[in-house]
1. Does residue 174 meet the test of being part of a loop (DSSP other than H, G, I, E, B) and under 15 Å from the mean Cα position of the chain (by Cα)?
2. Could you list, in sequence order, all residues of region 129-171 that are β-branched (Val, Ile, Thr) and under 18 Å from the mean Cα position of the chain (by Cα)?
3. Residues that are more than 16 Å from residue 178 (Cα to Cα) and not hydroxyl-bearing (Ser, Thr, Tyr): which strands (runs of 3 or more DSSP E) entirely in region 40-154 hold 3 or more of them?
4. Restricting to region 264-284, name every residue that is touching a strand residue (DSSP E or B) at 6+ places or on another chain (Cβ under 8 Å) and over 26 Å from residue 68 (Cα atoms).
5. Mind checking whether some residue in region 231-243 is over 16 Å from residue 189 (Cβ atoms), without any contact (Cβ under 8 Å) to a residue 60 or more places away in the chain, of a type in the set (Lys, Arg) and surrounded by fewer than 20 Cβ atoms within 10 Å (Cβ to Cβ)?
6. Taking region 137-179 only, how many residues are buried (at least 19 other Cβ atoms within 10 Å of the Cβ) and under 25 Å from residue 233 (Cβ atoms)?
7. Within region 270-290, is there a residue that is in contact with a Lys or Arg (Cβ under 7 Å, 6 or more places away or on another chain), touching a residue at least 24 places away in the same chain (Cβ under 8 Å) and small (Gly, Ala, Ser)?
8. Within region 180-191, restricting attention to residues that are of a type outside the set (Phe, Trp, Tyr) and crowded, with 22+ Cβ neighbours inside 10 Å, which residue is farthest from residue 213 (Cα to Cα)?
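Here, each number is a calculation from the coordinates, and none is a lab measurement. All figures in this text were calculated on a predicted structure; none of them were measured in a lab. Positions of Cβ are backbone-derived with ideal geometry, glycine not excepted, and every protein chain shown enters the neighbour counts.
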Amino acid sequence: MKTNIPVLALIGLIVLSACNKRQTENQSSELEAKESIGNPVIKDLFTADPAAMVYNDTLYLYTGHDEQEEGQQGFLMNDWLLYSTTDMVNWKSHGSVLHTNQFSWASGQAWAAHVVEKEGKFYWYVTVEHATIPGKAIGVAVADSPKGPWTDALGEALVTNDMTTHTEIGWDDIDPAVFIDDDGSAYIYWGNTVCKWAKLKDNMIELDGEIQTIDLPSFTEAPWVHKREDMYYLSYASEFPEKIDYAMADSPEGPWQYKGRLNDLVPDSPTNHQAIVEYKDQWYFIYHNGKLPTGGEFRRSVCIEYLTYNEDGTIQKIEQTSEGVSKIE
């Protein structure tokens, strides 16, 4: 069968144009900031797998989007949502700002993702299903603004399931989390059942060296690395149903010393996925549960609690509340 390359190219341009138009429409029709008191924070849609980033005095909250019908099984997730706040109570919705169909090599499933900024560019590391290589894969989108518009930075996956042979499952390359140290060095952490990490090159879209692993007790998924003062913290989902545990180190490369439980089981959801961020001199723990009316395992909702450190740098166990956090004056 003869392939009409110009026609295929035209179709690709039409699809890309439609995606960019959708992003522009979402941005131009942004809602006014709406007050949201208590947990869950986002109450009009089902949101999951939060990732937070602070930029120019604004906290940006990137989330997955659970679309599964009530009573149905399995995760139905096609895009990622964006919210922002300057006081932790009034939230502006920026709508759906990235969709799996913007990665031509992917076949859907918008699982956990993470956004970071480096030198004025924004990089969104996402979990998707690969269209031709069996299993989950990690892609990268790039933008000039934390709100987008976003484009595929590589035109192919950064990590595919055939690149890692630590387990035989097809979903071990999920939940990317990127940490940029004070000297500009960047690291990516990810995995299911095995925690993996690698350095990133300065361009943020290539691995720099071999993929390595971290031995963590009962590691399941959802690694997240942050730094406070001179200490590095690696939190992650452990066991199943999932709790959140954490470890500490003197370097983003470890060795990591296990410190214990950070967050217990959450209501109405066996998964547990966290983001930890400092904003306006206060640390926050952002996670999801299934507590919205009609919510549950495949219809989750983002919540926020305060995170507090002990004098020795360890973290106090998170208290899950319905009150959530207060407005920053």
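1. Working: part of a loop (DSSP other than H, G, I, E, B): yes; under 15 Å from the mean Cα position of the chain (by Cα): yes.
Against the criterion (part of a loop (DSSP other than H, G, I, E, B) and under 15 Å from the mean Cα position of the chain (by Cα)), residue 174 qualifies.
2. Keep residues of region 129-171 that are β-branched (Val, Ile, Thr), which gives 132-133, 138, 140, 142, 151, 159-160, 164-165, 167, 169.
Result: 138, 140, 142, 151, 159, 160.
3. On the way: elements: 46-55, 58-66, 79-85, 90-99, 111-118, 121-129, 136-143.
The strands (runs of 3 or more DSSP E) meeting that bar are 58-66, 79-85, 90-99.
4. First pass over region 264-284, keeping only residues touching a strand residue (DSSP E or B) at 6+ places or on another chain (Cβ under 8 Å): 264-269, 271-279, 282-284.
276, 277, 278, 279, 282, 283, 284, listed by residue number.
5. Residues of region 231-243 over 16 Å from residue 189 (Cβ atoms): 231, 239-243.
Pick out the ones that are also without any contact (Cβ under 8 Å) to a residue 60 or more places away in the chain and you get 239-243.
Adding the requirement that they be of a type in the set (Lys, Arg) leaves 243.
If we keep only those that are surrounded by fewer than 20 Cβ atoms within 10 Å (Cβ to Cβ) as well, we get 243.
Looking for residues that are over 16 Å from residue 189 (Cβ atoms), without any contact (Cβ under 8 Å) to a residue 60 or more places away in the chain, of a type in the set (Lys, Arg) and surrounded by fewer than 20 Cβ atoms within 10 Å (Cβ to Cβ), one finds at least one in region 231-243, hence yes.
6. Of the residues in that region, 13 qualify.
7. Narrowing region 270-290 to residues in contact with a Lys or Arg (Cβ under 7 Å, 6 or more places away or on another chain): 272, 288-290.
With the extra rule that they be touching a residue at least 24 places away in the same chain (Cβ under 8 Å), the set shrinks to 272, 288-290.
Keeping just the survivors that are small (Gly, Ala, Ser) gives 290.
Yes; the residues of region 270-290 include at least one that is in contact with a Lys or Arg (Cβ under 7 Å, 6 or more places away or on another chain), touching a residue at least 24 places away in the same chain (Cβ under 8 Å) and small (Gly, Ala, Ser).
8. Step one: filter region 180-191 for residues of a type outside the set (Phe, Trp, Tyr), giving 180-186, 188, 191.
Next cut, crowded, with 22+ Cβ neighbours inside 10 Å only: 188, 191.
Values: 188: 11, 191: 9 Å.
Filtering first and then ranking leaves 188.
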